[in-house]
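The values are calculated or read from the model by the stated rules, or taken from the named source; none is laboratory data. Just so you know, these numbers come straight off a predicted model, no measurement behind them. Neighbour counts run over all protein chains shown; Cβ positions are idealised from the backbone, glycine included. Keep in mind that these areas ignore ligands, DNA and RNA; they rest on the heavy atoms of the full protein, side chains included. Shrake-Rupley method; radii C 1.70, N 1.55, O 1.52, S 1.80 Å.
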Amino acid sequence: MVIKRATKIHMEGIDNLLSQVLMVHLNGRPDLFRANARKYTDPELEKILADPKRPIFVAVDEQEHVMGYAFCVYQQHVDDNILTDIRTLYIDDICVDENCRKSHVGSRLYEYVVAFARAEGFYNVTLNVWSCNPTAMKFYEACGLVPYKVGMEKIL
């Protein structure tokens with residue numbers, strides 16, 4: 001397994017994993033997520049792939065089959081009234097192919113993202129996780145992440 005920056009050749013594999021993530025969220029919150037939808041269209045995904053401040057990292061095998069990905073976004077609140085202007089690397093989405101789980105692809109991807117963030121001088125790495133995905137929450141806790149804010153709702 002090799003982890004590297006994604007390119008257009010990885011789009012089909014990324015699309016497959018985006019569908020897997022959608023199913024987890026759709027099963028957990030069908031009131032919020034649309035069936036047969038995609039988080040990013042191919043033109044949107046191509047734009048992200050070309051954006052240096054939105055790196056996508058992929059774990060691939062010898063045939064360039066995408067085993068997992070991590071979508072990242074540079075964030076910084078410059079001149080904000082209350083927030084400091086630290087640089088954050090936000091993990092927008094992370095997924096491991098359901099056929100590759102339990103083989104440390106996720107932990108290796110996460111470690112790669114953290115090493116990238118350190119090398120690039122980021123202050124922290126953050127992400128959001130849906131409460132309907134307890135498996136992901138346990139994974140992130142095992143990686144050493146801790147909650148720093150909590151979103152709450154009341155369905156009316």
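Details
- Taken along the Cα-to-beta-carbon direction at a fixed 7 Å, the label points for Gln75 and Glu111 span 2.6 nm.
- From the C-alpha gyration tensor of the stretch 44-123, square roots of 5λ in Å: 27, 14, 10
- Computed with a 1.4 Å probe over protein heavy atoms only, the accessible surface of the stretch 53-132 comes to 58 Å² per residue.
- Cross-link partners of Lys149 among lysines (Cα-Cα below 22 Å; sequence separation of 8 or more within a chain): Lys138
- Under 12 Å, Cβ to Cβ, from Val78 - net charge with Lys/Arg +1 and Asp/Glu -1: -2
- Shape analysis of the stretch 100-145 places it in the oblate category; the axes a ≥ b ≥ c from the Cα gyration tensor give an a/c of at least 1.5, with a/b not above b/c.
- If you take the Cα centroid of the stretch 114-156 and the Cα centroid of the stretch 15-81, the two points sit 15 Å apart.
- Cα-projected label distance for Arg38 with Arg118, points at 7 Å along beta-carbon direction, nm: 3.6
- Pairwise inverse Cα distances across the chain, averaged and inverted, put the Kirkwood hydrodynamic radius at 16.6 Å.
- Highest mean first, the peptides 49-62, 22-35, 137-150, 85-98 sorted by other C-beta atoms within 10 Å per residue fall in the order 85-98, 49-62, 22-35, 137-150.
- Straight-distance crosslink candidates among lysines, where the alpha carbon sits under 18 Å from Lys8 and sequence neighbours closer than 8 are dropped: Lys39, Lys47, Lys53
- Its DSSP H runs of at least 4 residues, each contributing -39,500 (n - 2.57), put the calculated 222 nm mean residue ellipticity of the chain at -10500 deg cm²/dmol, to the nearest 500.
- Taking amide H atoms as placed 1.01 Å from N in the peptide plane, the amide H of Asn124 lies under 5 Å from those of Leu89, each 5 or more residues away in sequence or on another chain.
- Working note: Karplus 6.51/-1.76/1.60 with θ = phi - 60° gives the stretch 87-103 the couplings 9, 10, 9, 8, 8, 6, 6, 9, 8, 10, 3, 4, 7, 10, 5, 6, 10 Hz, where Gly and Pro are set to x.
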